[in-house]
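Asks: There's a structure below that I have some questions on.
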Amino acid sequence: MKGRPPHRGGKGSGGDGAGGKGFGGPRSRPPRAGNGPRTSALEAARRAAKNRGEDVADRSPWATEDAAPAPEKALRKPRSAPPKAAARAPKATVAAEAPTRREQRAAASETLATGVQTLTVEADEAGMRIDRFLTARFPQLPFARVQSIVRKGELRVDGKRAKPNDRLEPGMSVRVPPLKLDQPSDRPRSPSKVAGDAEFLRSLILYEDADMMILNKPFGLAVQGGSGTVRHVDGLLDALTEPGGQRPRLVHRLDKDTAGCLIIAKTRLAAATLAKSFRSRAARKIYWALTAGVPRTRQGRVSTYLAKEEPTDADARMRIAKHGDEGASHALTYYAVVDQAAQKLSWLSLKPVTGRTHQLRAHAAHIGHPIVGDPKYFDVENWELPGGIQNRLHLLARRIVIPHPRTGKPVDVSAPLPPHMAQSWNLLGFDAARYDPIVEAPEA
């Protein structure tokens, strides 16, 4: 088979905010400035606010957003203070400025409220999946807990029950249930541990600039945390957060046992722009896989609907579904046979058009050629693994081409074969430098 070398290459908060209790604590009163009308007016305003159920402790007329209460001696007024100033005091007492949206978001991200709270989707969060939205707003909340909240239907978007893949639009109202989190240890992370994590991540970088980086994610490293998962890319990214800088953010996911190109955004703006590229299918992804048997049609397409076998299980096996089935989403994949080892094994190049959970693995099994080493979808009876080939998932996110988030120019990056796949390629005599025919596959 002749060929040529491949191309190279996110608020409102209903919980307790961070605001103080006013000057002197919840039961204290401002110093009396003589026997003038100021004190009586202030007391009347406090009583009126208390009758309305408001927290009078937060209503000190001397408290502002930008400054702490002044010392007591600075609050005292001479007995001869003009009556006009006293007349204005009740207005300042009753009318308190509402916190800005930025302040509300900051308070929500710093604390996990014990009560129900309602968050408002902002413009820079447009198109976010509901689970990603919750993770962005509460980064200290484990992803497994986020998934559990969404699965159980505890989130409401504009009054309706939210699904994990629901996407948000600016202005939507998201009702969040009470959130609980074990108090973290006050002990800071070991500097050597942070340095080690940063060094490890930097050893994986295939491409980097001021806006984004592309990592060569190794086999077996999870992208996000889950039940029993302690070490994952999302957690390691903390080590790359510079003082005063933004934390790097995930843009998409790969399965734990899928190796290859993983895009990381360095800023919130870059993350939003790159996420839109994935949603609009402006990003081109090429995967390589080793599969059982050889497809009769050497180049073709797989178009199905996919749904989880167990809707409540985040890592459940995907099944082929029918249009209209609950939770079913359309999935489209192009494939091509690059090479083969007799009729035993084939090297497939896969091009997913959609991005469903386990899409390539489920589609490969659907056409009767599951991916070697797949613990969920490999179901060929009486099939023996050829000698020297490891029983690990043979799936690589080989290449990604995506518009740069700032310049719009294409970023084209390829990842090398992981060690276990490189070993298999060598044993089977496959040449990884061969032309990849899926590049020429039709788009639709």
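The values are calculated or read from the model by the stated rules, or taken from the named source; none is laboratory data. Since the model is a prediction, treat every value here as computed from it, not as a measurement. Note that we place each Cβ from the backbone using ideal geometry, even for glycine, and neighbour counts take in every protein chain shown. Keep in mind that these areas ignore ligands, DNA and RNA; they rest on the heavy atoms of the full protein, side chains included. Shrake-Rupley method; radii C 1.70, N 1.55, O 1.52, S 1.80 Å.
Asks: Mind telling me which of the residues A365, A336 ends up being part of a helix (DSSP H, G or I), small (G, A, S) and touching a Lys or Arg at 6+ places or on another chain (Cβ under 9 Å)?
Replies: On inspection, the qualifying residue turns out to be A365.
Asks: Contact list please: Cβ distance under 6 Å, first residue in segment 215-233 and under 14 Å from H252 (Cβ atoms) and assigned to a loop (DSSP other than H, G, I, E, B), second residue modelled with pLDDT of 90 or more and of a type in the set (G, A, S), pairs at least six apart or on different chains.
Replies: So the pair list comes out empty.
Asks: Return only the number of the condition from (1) touching a Lys or Arg at 6+ places or on another chain (Cβ under 8 Å); (2) open to solvent by less than 60 Å² (accessible area, probe 1.4 Å); (3) in a loop (DSSP other than H, G, I, E, B) that N165 does not satisfy.
Replies: Of the numbered conditions (1) touching a Lys or Arg at 6+ places or on another chain (Cβ under 8 Å); (2) open to solvent by less than 60 Å² (accessible area, probe 1.4 Å); (3) in a loop (DSSP other than H, G, I, E, B), the odd one out for N165 is (2).
Asks: Give the residues of segment 261-298 that are touching a Ser or Thr at 6+ places or on another chain (Cβ under 9 Å) and either in a strand (DSSP E or B) or on the phi > 0 side of the Ramachandran plot (or both), sorted by residue number.
Replies: C261, A265, R281, I286, Y287, W288, A289, L290, T291, A292, G293 - these are the residues of segment 261-298 that are touching a Ser or Thr at 6+ places or on another chain (Cβ under 9 Å) and either in a strand (DSSP E or B) or on the phi > 0 side of the Ramachandran plot (or both).
Asks: Where residues in segment 351-384 are open to solvent by 10 Å² or more (accessible area, probe 1.4 Å) and of a type in the set (A, V, I, L, M), which of them is farthest from the chain's Cα centre (by Cα)?
Replies: V380
Asks: Of the residues in segment 136-154, how many are farther than 27 Å from Q246 by Cα and either open to solvent by 60 Å² or more (accessible area, probe 1.4 Å) or at pLDDT below 75 (or both)?
Replies: Within segment 136-154, residues that are farther than 27 Å from Q246 by Cα and either open to solvent by 60 Å² or more (accessible area, probe 1.4 Å) or at pLDDT below 75 (or both) number 2.
Asks: Ok, one more. Output the residues belonging to segment 143-176 that are of a type outside the set (A, V, I, L, M) and more than 18 Å from the chain's Cα centre (by Cα).
Replies: Scanning segment 143-176 gives K152, G153, E154, R156, D158, G159, K160, R161, G171, S173, R175.
Asks: Turning to a different aspect of this structure: Restricting attention to segment 273-309, which residues are within 15 Å of A362 (Cα to Cα) and surrounded by fewer than 17 Cβ atoms within 10 Å (Cβ to Cβ)?
Replies: R301, S303, E309
Asks: Looking for something assigned to a helix (DSSP H, G or I), in contact with a helix residue (DSSP H, G or I) (Cβ under 9 Å, 6 or more places away or on another chain), open to solvent by 50 Å² or more (accessible area, probe 1.4 Å) and not basic (K, R) - is there at least one such residue anywhere in segment 239-255?
Replies: no
Asks: Still on this structure: Quickly run through segment 316-333 and pick out the residues that are surrounded by fewer than 21 Cβ atoms within 10 Å (Cβ to Cβ) and within 28 Å of S414 (Cα to Cα).
Replies: Of everything in segment 316-333, those that are surrounded by fewer than 21 Cβ atoms within 10 Å (Cβ to Cβ) and within 28 Å of S414 (Cα to Cα) turn out to be H330, L332.
Asks: What number of residues within segment 424-440 are in a helix (DSSP H, G or I) and at pLDDT below 95?
Replies: Number of matching residues: 4.
Asks: Would you tally the residues in segment 385-409 being out of contact with any Lys or Arg (no Cβ under 9 Å at 6 or more places or on another chain) and surrounded by fewer than 22 Cβ atoms within 10 Å (Cβ to Cβ)?
Replies: Qualifying residue count for the region: 12.
Asks: Taking interchain pairs and intrachain pairs at least six residues apart, which have beta carbon atoms under 6 angstrom, with the first residue in segment 316-338 and closer than 30 Å to Y435 by Cα and the second in a loop (DSSP other than H, G, I, E, B) and at pLDDT below 90?
Replies: Between residues of segment 316-338 that are closer than 30 Å to Y435 by Cα and residues that are in a loop (DSSP other than H, G, I, E, B) and at pLDDT below 90, the close pairs are Y334/A441.
Asks: Can you name every residue in segment 350-407 that is among the small types (G, A, S) and over 30 Å from A210 (Cβ atoms)?
Replies: Across segment 350-407, the qualifying residues are A362, A364, A365, G368, G373, G387, G388.
Asks: Any residue in segment 406-423 that is part of a helix (DSSP H, G or I) and more than 22 Å from I205 (Cα to Cα)?
Replies: Yes, there is a match, as at least one residue in segment 406-423 is part of a helix (DSSP H, G or I) and more than 22 Å from I205 (Cα to Cα).
Asks: If you scan segment 237-285, which residues turn out to be among the β-branched types (V, I, T), touching a Leu at 6+ places or on another chain (Cβ under 7 Å) and farther than 22 Å from A123 by Cβ?
Replies: Once the filter is applied, which keeps residues that are among the β-branched types (V, I, T), touching a Leu at 6+ places or on another chain (Cβ under 7 Å) and farther than 22 Å from A123 by Cβ, segment 237-285 yields T258, I263, I264.
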